[in-house]
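Trainee: Could you have a look at this structure, given as structure tokens, before my questions?
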Amino acid sequence: MQETIIEVNNLRKIYGKKNEKQYEALKAVNFSVKDGEFVGIMGASGSGKTTLLNMLATFDKPTSGSVKIKGEEIAKLKGNALADFRASRIGFIFQDFNLLENLTAAENIGLPLSLQGVSAKRIDAIITKVASELGIFELLKKYPSELSGGQKQRVACARALVHNPAILFGDEPTGALDSKSARELLELMSEVNKNMGTSILMVTHDAFSASFCKRIIFIKDGRIERELIREDNQNRSNFYQEVLDLLGTFEQ
Amino acid sequence: MLQKLAVNGIKNRWKDYLVLFSGLVISSSIFYLFETLSTNGRYLKENGAIVSMIGYIFAFGSILLTLITLVYINYANNFLLSMRQRDYGLFMMLGARKGKIGQLIWIETMLIGFLSTVVGVIVGIVLSTGMQNIVIKSLGLTARYYAPIWWKAILWTFILYLGLFFLAAIYNTFLMTRKPALKLLKSQQKAAKKQLPMWMQFIQALIGIILLTIGYGVIQNAVKYGSKTIPISLFTITFGTFFVFNSIVTVGISLLRKTNLAKKNLNGFTLGQLEFRVHDYTKILTVVTMLLALALGAITTGIGFNNITDKTAEAQSAYTFGLFQPTSKQRTLIKKLDIEQQSSYSYKVSGNAVYFEETQFEKQPFQTVKFNSKSFTSSYAKLSVAELKKDSYPLQKFTESIQPNRQVVLVDAQKFTAIQGQQQTALFFRAKDTPDAQSILSQISNLEYAKSKQKDRTDAIQGNYDAKIYVVKPLYSGLEFMGIFLGIAFLAMLASCLMFKILSGAFEDVRRYSMLAKLGVRKSLLQGAIAKEIGILFVLPAVVGVVHVLIGLNLFKGILINPYYGIWLPFTIFAVLYLLYYFIVLFMYQRIVLKKI
């Protein structure tokens, strides 16, 4: 049986203070992600998908309910424990890359390892390995300002994977990319998921991106409304059509 | 409508404007402070009489301060531009005409310049009045002809600042109307990276070191170069410092980045930050170094003049006082003092002479002082009767006040008894010249002066205390005031310069540090990275500045005899203030950058 990576129970998030006007962004959300899965979360703007991701990635605290990553209750983490958890268990790809523009690609990628006290020699070895796998070896010495959007996102992807996280989160990772780069990145993520066995959870509002996932969770007004699973023998374009069809009825 | 929007923009960012405005006010008020000294010719002449070419020195000080102001306003203007670029880009997007935008930015720049200069001059007047009162009262100094409200200083401050802001306004208008709106909107996202080739950096390092060597060499041989010393050394040291920072620091950082050390924790990030900002930083590092050298140098020489006041007074004679026919009041006052040495002699006045009895001088020999300029200490020697007979000047010096134009004669006991006239007593003593003793010493002095037949107090010097108060202090205290005054002014300028530069960078860093936190960097590591980055900005100028001061003190060899005497005191005071300031800036920076983490 596959190990559970993420377990979400009755997760609720309410914005606004008690005596002010409150807004319930998430209403009792339940789901889990198994090891090696590639899960997409879809929903319109304001559906609560980003709120959910922020909570899973420890960037925000839930109002109630629990989120467990590899059995660890992350809402209880604080201070150094929280920082260390982020540094060792989580990889994150942001929509706007979030690379540090004053570091080269190699330094950006190596940063999570430096933080864990890995020796300089091993860091170099791991960077070379990951960069070759992601096809960005020749970009290592460049600064982010010298890279295209697609290249930047590949570097960000390498940075998110370099420390072998338990899960890779993506927040609209193709949002700022042109269609060719977007396709390349998504193919890359599929490969990473398949070959390296990394679990991925990605938030997107784009059906094309979502069609690369193996399972899609649809959120509407803070609730999980539907779930779509890609059959083993189903090809991607077929699944894409299915997603589009569902969206056509879902958003009305 | 657009005006309304522009004003609204200012309202929304009032905190940033406060930083900008207060920085400019401090800068202009300090320029004003400096000019109150520099343009007051009479004050300089009266107080700096023993420093040749003092006006000349101040003229070059003004030039240096103008250069510093130039860099400062350049930073301030960039800060303003970076704040406003997005807003103006947005206005353009909304369809504002370029001409209108240009007009707005021109008015805004000039308004900020004008207001900060006016407030700066007012603050300058308040500060100079306060400084005059505090420095003069607390140190017992006199600064004749110093005027806190000095129209020439007001005029020069306005000319410089409004002139510079006029140029800045033209530059801003030009920039804003030329750049496409999109570029203005996204201006914050760009990250320029310029790296000079290695050989250029090597040449810069070489030029820097040669310039510094020339500057230091000229200072060491100030006598030889005379009036050329100041301009040469000022020019070579300022630019030498700049080239050294621009090359050695840059190369040093990029070399450090290649070592394994850079792969530990956040070191790589900090070095990356520094390398990215180093071109921006070299200017501020140079300015801070020069200000630090000037501030520390001014305070050190100021305290040096204080030391030499005491030492020169100490070297006037072996006695704090020589009292003739001490009154009972004087005797009770003396009992309160800490006496180191005391002797009392009988004398008689007859005809054109004052007679002393020699046996008394055998029993309690009269002392003279010898001053060792190297160790800065006074030693006392006993005069034999024969020596005193040969040259009675050490004793005669004391009788001039009460018995002017009478010769001192030493006679044996028999002759002394034979001389007609009333037998009187002269009391010589040396007491510890502590701050507590000042009022007692002053009372004794006034009681003694009451007996004097001299009109001018400087002709009635009855020992070292009178010499200090009426001769030496007036000579040096103007310079001491100048030194401490300028030291504090430069220190304030340095503080505002560092604060301004560092805090203006803080806003850009908020995003970077929150990114790092999302990557899972511990807060303590983030704090450490900030401490290191700001620490570098403090340490580098401190090291180079201290070297400048240590060498620059040679300039004062002529007046201060040993300018290095007791420098630990100003250096320690300075180090404590500097360290304290580091922690304040660090605290503020961390509060801005790590607020949400």
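The values are calculated or read from the model by the stated rules, or taken from the named source; none is laboratory data. Keep in mind the model is a prediction, meaning the values are calculated, not measured. Please note: Cβ atoms are built from the backbone with ideal geometry, for glycine as well, and neighbour counts cover all protein chains shown. Side chains included, ligands, DNA and RNA excluded: accessible areas come from the protein's heavy atoms. Shrake-Rupley method; radii C 1.70, N 1.55, O 1.52, S 1.80 Å.
Trainee: Quickly run through segment A:201-216 and pick out the residues that are open to solvent by less than 10 Å² (accessible area, probe 1.4 Å) and either closer than 16 Å to A:Asn54 by Cβ or free of Cβ contacts under 8 Å to residues at least 40 places away in the same chain (or both).
Mentor: A:Leu201, A:Met202, A:Val203, A:Thr204, A:Ser211
Trainee: Also, I was wondering about something else. Take B:Ile339 and tell me if it is within 15 Å of B:Ala437 (Cβ to Cβ), aliphatic (A, V, I, L, M) and open to solvent by 30 Å² or more (accessible area, probe 1.4 Å).
Mentor: yes
Trainee: Something else now. Can you tell me which residue among B:Ile219, B:Ile203, B:Ile253 is more than 10 Å from chain A (Cβ to nearest Cβ), open to solvent by less than 50 Å² (accessible area, probe 1.4 Å), in a helix (DSSP H, G or I) and more than 24 Å from B:Leu526 (Cβ to Cβ)?
Mentor: B:Ile219
Trainee: Working carefully through the options B:Val521, B:Val510, find the one that is within 14 Å of another protein chain (Cβ to nearest Cβ) and either under 30 Å from B:Phe376 (Cβ atoms) or not in a helix (DSSP H, G or I) (or both).
Mentor: Answer to the check: B:Val521.
Trainee: Out of segment B:49-101, which residues are under 28 Å from B:Glu508 (Cα atoms), open to solvent by less than 60 Å² (accessible area, probe 1.4 Å) and aliphatic (A, V, I, L, M)?
Mentor: Once the filter is applied, which keeps residues that are under 28 Å from B:Glu508 (Cα atoms), open to solvent by less than 60 Å² (accessible area, probe 1.4 Å) and aliphatic (A, V, I, L, M), segment B:49-101 yields B:Ile68, B:Val71, B:Ile73, B:Ala76, B:Leu80, B:Leu81, B:Met83, B:Met92, B:Ala96, B:Ile101.
Trainee: Of the residues that sit in segment A:105-126 and are more than 22 Å from A:Ala83 (Cβ to Cβ) and surrounded by 21 or more Cβ atoms within 10 Å (Cβ to Cβ), which one is nearest to the other protein chains (Cβ to nearest Cβ)?
Mentor: If we take residues in segment A:105-126 being more than 22 Å from A:Ala83 (Cβ to Cβ) and surrounded by 21 or more Cβ atoms within 10 Å (Cβ to Cβ), then A:Ala106 is nearest to the other protein chains (Cβ to nearest Cβ).
Trainee: Looking only at segment B:469-476, decide whether some residue is open to solvent by less than 10 Å² (accessible area, probe 1.4 Å) and either under 30 Å from B:Thr320 (Cα atoms) or within 14 Å of chain A (Cβ to nearest Cβ) (or both).
Mentor: Yes, some residue in segment B:469-476 is open to solvent by less than 10 Å² (accessible area, probe 1.4 Å) and either under 30 Å from B:Thr320 (Cα atoms) or within 14 Å of chain A (Cβ to nearest Cβ) (or both).
Trainee: Continuing with this model, one more query. Output the residues belonging to segment B:569-584 that are within 14 Å of B:Ile303 (Cβ to Cβ) and either hydroxyl-bearing (Ser, Thr, Tyr) or open to solvent by less than 40 Å² (accessible area, probe 1.4 Å) (or both).
Mentor: B:Pro570, B:Thr572, B:Phe574
Trainee: OK, next. Could you please find all residues in segment A:55-75 being open to solvent by less than 10 Å² (accessible area, probe 1.4 Å), closer than 18 Å to A:Gly222 by Cα and outside any loop (DSSP other than H, G, I, E, B)?
Mentor: Across segment A:55-75, the qualifying residues are A:Met55, A:Leu56, A:Val67.
Trainee: Within segment A:218-230, does at least one residue satisfy the condition of being in contact (Cβ under 8 Å) with a residue 12 or more places away in the chain, assigned to a helix (DSSP H, G or I) and hydrophobic (A, V, I, L, M, F, W, C)?
Mentor: no
Trainee: Go through segment A:55-75 and give me each residue that's more than 10 Å from every other protein chain (Cβ to nearest Cβ) and either closer than 18 Å to B:Ser514 by Cα or β-branched (Val, Ile, Thr) (or both).
Mentor: A:Met55, A:Leu56, A:Asp60, A:Lys61, A:Thr63, A:Val67, A:Ile69, A:Ile74
Trainee: Next question, about the same structure. Assuming B:Lys432 fulfils every condition listed in (1) at pLDDT below 85; (2) closer than 24 Å to B:Leu333 by Cβ; (3) open to solvent by 40 Å² or more (accessible area, probe 1.4 Å) apart from one, which condition is it?
Mentor: Here B:Lys432 meets the rest and fails (1).
Trainee: Taking segment A:91-104 as the region of interest, how many residues are more than 9 Å from chain B (Cβ to nearest Cβ) and open to solvent by 10 Å² or more (accessible area, probe 1.4 Å)?
Mentor: So the count comes out to 3.
Trainee: Looking at segment B:260-315, which of the residues that are within 14 Å of another protein chain (Cβ to nearest Cβ) and not in a helix (DSSP H, G or I) is surrounded by the most Cβ atoms within 10 Å (Cβ to Cβ)?
Mentor: B:Leu266
Trainee: Within segment B:376-393, how many residues are among the polar types (S, T, N, Q) and open to solvent by 60 Å² or more (accessible area, probe 1.4 Å)?
Mentor: The qualifying residues number 2.
Trainee: Also: Which residue pairs have Cβ atoms under 8 Å apart, sit 6 or more places apart or on different chains, and have a first residue in segment B:353-380 that is assigned by TED's automatic domain parsing to the domain that holds B:Ile308 and a second that is open to solvent by 50 Å² or more (accessible area, probe 1.4 Å) and assigned to a helix (DSSP H, G or I)?
Mentor: Short answer, once both residue conditions are applied: none.
Trainee: Separate question: When you check B:Lys473 against the structure, is it touching a Pro at 6+ places or on another chain (Cβ under 7 Å) and either of a type in the set (Lys, Arg) or over 15 Å from B:Gly322 (Cα atoms) (or both), yes or no?
Mentor: When the stated conditions are applied, B:Lys473 does not pass them.
Trainee: So, one more: Are any residues in segment B:534-568 of a type outside the set (Gly, Ala, Ser) and open to solvent by 70 Å² or more (accessible area, probe 1.4 Å), and if so, which ones?
Mentor: B:Val539, B:Val543, B:Lys557, B:Ile561, B:Tyr564, B:Tyr565, B:Trp568
Trainee: Somewhere in segment A:76-89, is a residue more than 21 Å from B:Leu271 (Cβ to Cβ), open to solvent by 30 Å² or more (accessible area, probe 1.4 Å), more than 7 Å from every other protein chain (Cβ to nearest Cβ) and acidic (Asp, Glu)?
Mentor: No: zero hits.
Trainee: Of the conditions (1) surrounded by 17 or more Cβ atoms within 10 Å (Cβ to Cβ); (2) without any contact (Cβ under 8 Å) to a residue 40 or more places away in the chain, B:Lys224 fails just one. Which one is it?
Mentor: (1)
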